Every structure is written in C-alpha cells, then in structure tokens.
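Heads up: the structure comes next, in structure tokens.
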Amino acid sequence: MAPFVVPEEADLVTKKWVYLFREGDRTMRDLLGGKGAGVAEMTKAGLPVPPGFTITTEACNEYYKQPGGGFPDGLWDQVLEALKDVEQQTGKKFGDPSNPLLVSVRSGAKFSMPGMMDTVLNLGLNDETLQGIITSTGNPRFGYDALRRFIQMFGKIVLEIDPAKFEHILDQKKQQVGAKVDTDLTAEDLRDVAERFKGVVKVETGKDFPTDPYEQLRLAITAVFRSWNNPRAIAYRNFNKIPHDLGTAVNVQTMVFGNMGADSGTGVAFTRDPKTGERALFGEYLLNAQGEDVVAGIRTPQPISLMAQELPEVYKQFLGYAEMLEKHYRDMQDLEFTVERGKLYMLQTRSGKRSAAAAVKIAVDMVDEGLITKSEAVQRVEPVQLEQLLFRRIDPSASVTVIARGLNASPGAATGKAIFDADKAAELGKTEAVILVRPETNPDDVHGMIPAQGILTARGGATSHAAVVARGLGKPCIAGCEEITIDMEARTLSANGYLVKEGDLITVNGTTGEVILGAVPMLEGEITPDMQKILDWADEIRRLQVWANADYPRDAQVARARGAQGIGLCRTEHMFFEEDRLPIVREMILAKSLEARKEALAKLLPIQKEDFKGILKAMDGYPVVIRLLDPPLHEFLPRYDELLVETTELRVRGDNPAELEEKEKLLKVVEQMREANPMLGLRGCRLGLMFDGVNQMQVRAILSAALECKAEGLDPHPEIMIPLVGHVNELKAVYDQVTAEAKQVMKEEGIEIHYKFGTMIETPRGALTADELAKYAEFFSFGTNDLTQMTFGFSRDDAEGKFLLQYVERKLLPTNPFQVLDRNGVGKLMRTAVELGKRTRSDIEIGICGEHGGEPSSVEFCHLIGLKYVSCSPYRVPIARLAAAQAAAAGAERDR
C-alpha cells in the first residue's frame, strides 16, 4: 500500500486569480494593474463605479506558461463566482434574455500602455439578450447599435478579422441611406449592418458568430491575455523600458451605455492639461456615444467644458469627483466616464500621461499647492523628459516623412543640407545649416562635424567616433543607420525607395533615431524657471556629484553653466584632432629619432598648455581630470585604404614623382603601424611607455597651465589619469614618468601645486587587481565604454552596427549594454574594484566617465555601489543631476 502523503498547502488552497472591485485598492497595482487598482480605489471611496472584477496579472503570466496558452487551474471557476456577485449587485443576469447583464472586458497593465492592448464592449449580446435590451430600454435603435458594435469589436479583437471588412459594410450603408455619421442610421439600418457583420464572421472563420455569452467571455479574456504580447504592445514596452514579464490584468465590468440618447454620453478627461500642465480640466466627450467613438475618432468630440451647458448637473458632479481623485492620488488623473440617461458613472482613474513640459510644471505646482513634497516632485519628472526639453526637438504636431531609422546616438533634432564631405561641410557650415552624412566618421572629419547641425552615419554605434564627438558637441547624431545606402561618388543617400542628393534638406532626430525627409518645425530646448526649481531640489537630495566630460574650454563653460561640479574626463587626443595641429601630431608620429619626436612635441606643448589652462580656468575651484593620450597613433594618420588608392593612382599617372615618393613613404609607415585589433593594441598607457616623451610633454603642459592659473589667483585642481591599465607594473612605470616630470616642472617654476594621479579602470584585469593599482592611484575612474567591450568580448562599433540591436529585439540581451550599464557583468567588476580599491586606500576618489555616466539606470547603479561622482556630456549634466537625486530618494524610501 502506498504511503499517505500530506498535500502541500499550495495544493489544498487554489490561488486567488480574481478580485471583486471592492476587494482591491490602490496599493495592488502589481497584481490588479493600474486600471483594476483604480476602479477598486474608486469603489472603496464610494464613487459610482459599475460593479465588476479583475483577473490578476499573475493569471496572465500563468496563461503563457501553459502549453499553447491556457487558463490556470481554478481561474474559470473564480470568474463564474465573481460574475454571480456582479449579478447580485446589478439585479441582472448574464445571458438572461429578459434582463441581461452585459459586460466590458478590458486590459490593464501595471503601467499605462494607452491603446496598446485590447478591449471588448457589450459582451453578452446575442439575438435573445438583444430583445431583452430592447424591451428594457424601449429603444430598438440602441439595441441594434450595441449589437453591431459588439460583433465588430469582437470580430476584430477576438476573432482577428481585418477591421476594414466591417468598416466597408458600415460605410456602404451610410452611403446607401445618405447618412453622414453613424448616429444618422436607423434601427433597421443597424439591424441590416449587424446581419451582414455576422456574414463576414462566417466567411472569415468558417463558423457562426458565437452566441453563448460564457463562450464569448472566455474567448474575450483569452484575447486580452494574448494582446499583452501583440507587436504594438511589445514595441511600446521596448521604447518605454517596461519589463515584458509583468503581464496584464483583465477587468470585467458591468456595461453602462453612453449611446442611449441625448441625455447619455461618454468621455475622457484629465484633471490638468496634459500638454501644458495648466491647472484646468482638459478633455473631450460625445453625447449618444460609446467609449471607442471618442478614442477612434469616428465622430469629432466636443471639449469637456461644453458639457457644463449640455449636462450641467452631471458636469458639476464630475468636477467634484475629478478634484477629489486628484487630491486623493496627489497626481494629475486621467479619467474615463460614461453618462447613462443622466446618471454619471466613473470607469477609470489613473495617473495621466503628460508631456515633458507638463510633467515639470505639474510637479512644481503641486509642491506650491502643498499636495506633494520636493522629493516627490523630483521623482515625478523622468530624466528622459528633461532630455526632451533641454535639446532641440521636432514639434510633436508636425507631419513628417520618416525614410530610415538608425541608432539614437546623441539626442536632439536638426535640419540641414545633406553634405557628404567633411571639407565641404566645414566650408558651407559657416553660412548654411548642414547635416554631415558619412559611412562613418573618423578624426579627419572633426572639422566638418563642428559646424554641422547634425550627423548621420551608416555604420558605427552609440560609442562610435561620430556618437561620442556629437554628444560632446551637443549635436544630434544618428549612427549605424544600416537602412541607408551612401554613394560617395554620386553624393547620394538612398533609403526605402527615397533618394536624397547632396544639398537636399533632411532632418535627423537623434532622440528617436529617425531620418526625415525635408525640413520640419522645431521647438528650442531651454532650462525654464520650473525646470531650474526641479534641478535645485534635486541638488538638495542627491549624494552623487555630477561632473562632465569636456575636451575644450567651451565644453567646460557649458558644463559649469549646467551645474557640473568638476570635469571627469578631458580627452587630450581630441585637442590633437584640430586641423591646425594634426600636421604637428603626424610629424611627431613619423619622427625617425627621439630628438625629432621631442622637437615635434615641443611644438605641441604650448598649444596643449593653453587648452588645459582654458579648461582649468573655466572650472576654477573644481577638479579637472585630464586623461593622457589614449587612442592608437594610426588614428592620427590617413586611412590605409584611402592612402593606397591615392598612391596607386599616382603610380598609374606617373606625372608627379615627388608626390608619389612622399605618399609611398607615408604608406609604408601607416602599413607598419596597422594592427589586427587596434582597440587592443598599442594604445592607452602602453603608448606613453613605448613612445618616450609623449607623457612627459602632456604632464608638463598640464602642470604649467595649473601653475599659471595659480599665479593668477585661481584655484586649479588638476588630476592626471592614465588610461587602459591592465597590470600594476604599467601604472608604476607611468607613475615614475609623471612624478619625475612634475617635480622638474615645479622646480623650474619655483611653485608647488597639488595634483592627483590616478587611472581609468577599463580592463577586467584592472578591476580585479584594483587593490594593487590603488597603491599608486589616488583615484579611479571607470571607463565603462571599453570595460563593457572587453567584458562582453564585443567590438562596440561592429556589434551595434551588425547584431546588437537584434539581440535586444530577440531578448537575448535586456538592453544595449553600451547604452545601459550591464549590472550583472560589468557592474560586478565595478563593485569588486570599489571594494578592493578602498581596502588599499580608504579615501580613494572613485567615479565613472564612460558614456553610461548620463544614463539614469546606470547613474542609479553608481549611487548604489558608492561612487563619488558620475561624469557625462556637458549637455546631459541636468539629466544626471535629476537621476542622481532619484537614486538617493529611492534609496531613502528603501531604508524606511
């Protein structure tokens, strides 16, 4: 005999999948979704909410776990039990021909996803219950209108029939009888439409339209579950960074009818204007209509203010509810309502979607009104909303023709003539607006990028040359736009059937990655007084300092004006890329002896010193981290393939032997310097160790600039940073170079100045041996661009241009790790380095200067692991300030 086994407690008690509205409340958003929690809260508050129940988000997730999708055990029984309760509350019975209960079946996820998932209205109708509706209302037209709507919506949502097939029949009927709008159709007209709709269902599915109300309900619930993973919902979640594993709740609610005559109607309203944030009721309504009429634009709705004239008592009551709900939730509310024969019903309340400008204004106003605290106001504004307001953007009301999409590498928008050559862009950009269009950019193109309004490349990623330079310049950039084909000979761009010739106007939207044909209306970005208040409050809350990446004095000035507390990365190589300096840099690289190299370096010294002095002046009193030369030297030389073509052409022509000889010498040097993988080759600290004199010249330039600033009464704080260290012996060798040169400079000048010596942590080994590095380094700065690249084993530009975005779309990766810091991999290395570094040097200064320094989720992680600062583009400093405050506020909430 088999032994008796005591069942697990979970087996004895069926999980609760269904909650009546009166059983829930606002705290249950995770389980009931935003809509379910909202109607539950309104029910508890005594507002007139049609009775109903919510099927939980857990049930949706469980549905997807079943083979082929299916209801979890106990769900349908709980639905039937809840339906009986609703019948008792309403005095109606589901499927009863004499007094039928009709319901709506609506989606409702934790986060608002307007229009992304599905809804079915008037469910429970068939030929028998229709007669009951007609008898109880005395209105045949209303009955047949409800039936045709139900068949149309059920056919589209549940049976997945092309909605155009229904619309065609409806339009035909209106033309036949001379009706301008749906409400002009008679009961007989609508009866005929409903019968023809049934015919469409029969043809398209091979079955009759389902008449059993319980079968209708089961199918509709299934359809709403399925809608969680429809393409538009997935795309919306991807764009808004909403997790895909939350699931949607399903709300089954008693139908109330706004299409029962002139004393009925339906509408949507916001307690404040969602576009401007103005404190005034904003919305639209329609008399004698159902909800989808307002949303679908089938009829032109009226401003909500007109309801005060047409239904004054209802309007007064609605105003009271709107004010009550806003005060209760302490946030702007999005309300849905229906009026049935003069009686107001509240169908939904949720925090309303709002524009970036409205978000800022509402947050500030609600602090002034005493509704929320400063900390809450800071948390109400999304960093991406600040980004939208700070950068030039396309007027959202404008009609645009999108011809291609690429990587949104640098935010903002710009219009200009498409120019395919950096020299031409540099010349034309002095007097005209241009967009530099290139297969990819390199240092030789910088002079054309500076005057351009925006940049578009067919290759590259978010950390490509084009993207990094554009962000530093505060210009919009679309990178890795593989949908475009660039013909450099013809000077044309083709994409998806469109052809753009050089000189044609195009618009780049670096915020969305869209390439747009022609010019479009723009809105300028600015820090408004309300935004400044939010940022000031953020500064009171945050612990993380916000520094900026700046390569020129003008960048430092922008950074300081936007609230930066230091420069976390000054890339000295960007100074070398300037057109007038490049020949000297090449002279230094091509030098055949140490003496010749030092002669070239001596020419660069005063130029570098003036650059550093300008940045130190701009950041007077604040730290300035200056990274010694990092990129491989071949980046300063002509491209090998282009040089080979030029040399070959000269050989073939044979008309200029002197130029040919010069080109061949250069080609030989470039060929010798070529590397199989230059990003892992002779660069970073290795470069300064192998090319004696480079580090010494830069250190001399830095400290001479600082000493001059000090002599002028300023307070400079230079910090010298060594890139790409993998072994402590490398760091010690450079440390010896730097300290020896620093002592010599100060001895010559007769003035002492304090400076810091530190390193970038951008190799996995560097992170894992941070305790050894901290013996010499007074500070660490995480270079997360390279650290991410080396940790994943991805070539950034190749990965983003070829497969990385597909990885994200196919859910192989949750996000692009070059845009959002990978906490589980790269983050663990960072956490390890912080712990090891502090073990050796307790007061070590640690920050981040990779592109992640301005990304909100990454900023939060930097707060969590105890960094001192984040450093980002000067133009993203306000965004990082807000993100740092939100991280601190969230941490305080967790600690309560």
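The values are calculated or read from the model by the stated rules, or taken from the named source; none is laboratory data. Bear in mind the structure is a predicted one, so any value in this text is a computation, not a measurement. Quick reminder, even Gly has a Cβ in these numbers, built from the backbone with ideal geometry, and neighbours come from all protein chains shown. Ligands, DNA and RNA are excluded from the accessible area calculation, which covers all protein heavy atoms including side chains. Shrake-Rupley method; radii C 1.70, N 1.55, O 1.52, S 1.80 Å.
Some notes on this structure:
- Identity of the residue in segment 166-193, of a type in the set (D, E, K, R) and under 24 Å from Arg106 (Cβ atoms), that ends up farthest from the chain's Cα centre (by Cα): Asp182
- Residue count, segment 775-813 (criterion: modelled with pLDDT of 90 or more and more than 22 Å from Gly853 (Cα to Cα)): 3
- Condition met for Ala470 (at pLDDT below 75, closer than 22 Å to Thr784 by Cβ and either not in a loop (DSSP other than H, G, I, E, B) or not hydroxyl-bearing (Ser, Thr, Tyr) (or both)): no
- Scanning segment 226-262 for residues that are under 19 Å from Arg29 (Cβ atoms), of a type in the set (Lys, Arg) and open to solvent by 50 Å² or more (accessible area, probe 1.4 Å) turns up just one, Lys241.
- If you go through segment 31-45 and keep only what is assigned to a helix (DSSP H, G or I) and touching a residue at least 60 places away in the same chain (Cβ under 8 Å), you end up with Leu31, Leu32, Gly33, Gly34, Lys35, Gly36, Gly38, Val39, Glu41, Met42.
- Hits in segment 739-759 (condition: touching a strand residue (DSSP E or B) at 6+ places or on another chain (Cβ under 6 Å) and closer than 18 Å to Met690 by Cβ): Thr759
- Here the helices (runs of 4 or more DSSP H) wholly within segment 736-806 that include at least 3 residues being more than 25 Å from the chain's Cα centre (by Cα) and not β-branched (Val, Ile, Thr) are 764-768, 770-773.
- Of all residues making up segment 311-326, the number that are among the charged types (D, E, K, R) and farther than 18 Å from Asp273 by Cβ: 2
- Leading residue by the ranking (farthest from Leu637 (Cα to Cα)) among those in segment 429-446 that are open to solvent by less than 20 Å² (accessible area, probe 1.4 Å) and touching a residue at least 40 places away in the same chain (Cβ under 8 Å): Ile435
- In segment 97-110, residue nearest to Ser227 (Cα to Cα) [restricted to those that are under 34 Å from the mean Cα position of the chain (by Cα) and open to solvent by 30 Å² or more (accessible area, probe 1.4 Å)]: Arg106
- Looking only at segment 772-819, and only at residues there that are of a type in the set (Ser, Thr, Tyr) and touching a Cys at 6+ places or on another chain (Cβ under 9 Å), the one that is nearest to Leu731 (Cα to Cα): Ser781
- Residues in segment 63-96 that are among the charged types (D, E, K, R), modelled with pLDDT of 95 or more and within 41 Å of the chain's Cα centre (by Cα): 0 in all.
- Close pairs from segment 478-494: first more than 25 Å from Ala799 (Cβ to Cβ) and in contact (Cβ under 8 Å) with a residue 40 or more places away in the chain, partner among the aromatic types (Phe, Trp, Tyr) and outside any strand (DSSP E or B), Cβ under 7 Å, at least 6 apart: Arg491/Phe420
- Filtered by the rule that a residue be in contact with a Gly (Cβ under 8 Å, 6 or more places away or on another chain) and part of a helix (DSSP H, G or I), segment 83-109 gives a lone residue, Val86.
- Residue check, Ala556 under 18 Å from Tyr875 (Cα atoms), modelled with pLDDT under 95 and buried (at least 24 other Cβ atoms within 10 Å of the Cβ): yes
- Any hit, segment 521-536, residues being in a strand (DSSP E or B) and touching a residue at least 24 places away in the same chain (Cβ under 8 Å): yes
- Residue satisfying all of: in segment 111-138; part of a loop (DSSP other than H, G, I, E, B) and modelled with pLDDT of 90 or more; surrounded by the fewest Cβ atoms within 10 Å (Cβ to Cβ) among these: Asn126
- Checked against the criterion of being over 18 Å from Pro817 (Cβ atoms), touching a helix residue (DSSP H, G or I) at 6+ places or on another chain (Cβ under 7 Å), of a type in the set (Ser, Thr, Tyr) and outside any helix (DSSP H, G or I), the candidates Ser871, Ser842 yield just one match: Ser871.
- Scanning segment 347-395 for residues that are part of a helix (DSSP H, G or I), farther than 20 Å from Ala888 by Cβ and without any contact (Cβ under 8 Å) to a residue 60 or more places away in the chain yields a count of 3.
- The condition (being surrounded by 16 or more Cβ atoms within 10 Å (Cβ to Cβ), hydroxyl-bearing (Ser, Thr, Tyr) and farther than 17 Å from Ala40 by Cα) is satisfied by just one residue among Ser351, Ser375: Ser375.
- Filter pass, Val402 being out of contact with any helix residue (DSSP H, G or I) (no Cβ under 9 Å at 6 or more places or on another chain), in contact (Cβ under 8 Å) with a residue 40 or more places away in the chain, aliphatic (A, V, I, L, M) and surrounded by fewer than 21 Cβ atoms within 10 Å (Cβ to Cβ): yes
- Reported count of residues in segment 297-326, each being open to solvent by less than 60 Å² (accessible area, probe 1.4 Å) and touching a residue at least 40 places away in the same chain (Cβ under 8 Å), is 8.
- Residues in segment 408-428 that are touching a residue at least 24 places away in the same chain (Cβ under 8 Å) and either open to solvent by 60 Å² or more (accessible area, probe 1.4 Å) or out of contact with any helix residue (DSSP H, G or I) (no Cβ under 6 Å at 6 or more places or on another chain) (or both): 12 in all.
- Of all residues in segment 504-519, none satisfies being outside any loop (DSSP other than H, G, I, E, B), open to solvent by 20 Å² or more (accessible area, probe 1.4 Å), β-branched (Val, Ile, Thr) and touching a Leu at 6+ places or on another chain (Cβ under 9 Å).
- Residues in segment 571-624 that are under 23 Å from Asp715 (Cβ atoms) and among the acidic types (Asp, Glu) were compared, and the one that is most open to solvent (accessible area, probe 1.4 Å) is Glu610.
- The lone criterion from (1) outside any loop (DSSP other than H, G, I, E, B); (2) open to solvent by 20 Å² or more (accessible area, probe 1.4 Å) left unmet by Thr14 is number (1).
- Answer residue from segment 456-465, given it is under 20 Å from the mean Cα position of the chain (by Cα) and hydrophobic (A, V, I, L, M, F, W, C) and is modelled with the highest pLDDT among those: Leu456
- When every residue of segment 842-863 is checked against the conditions, none turns out to be within 19 Å of the chain's Cα centre (by Cα), free of Cβ contacts under 8 Å to residues at least 24 places away in the same chain and closer than 26 Å to Glu387 by Cα.
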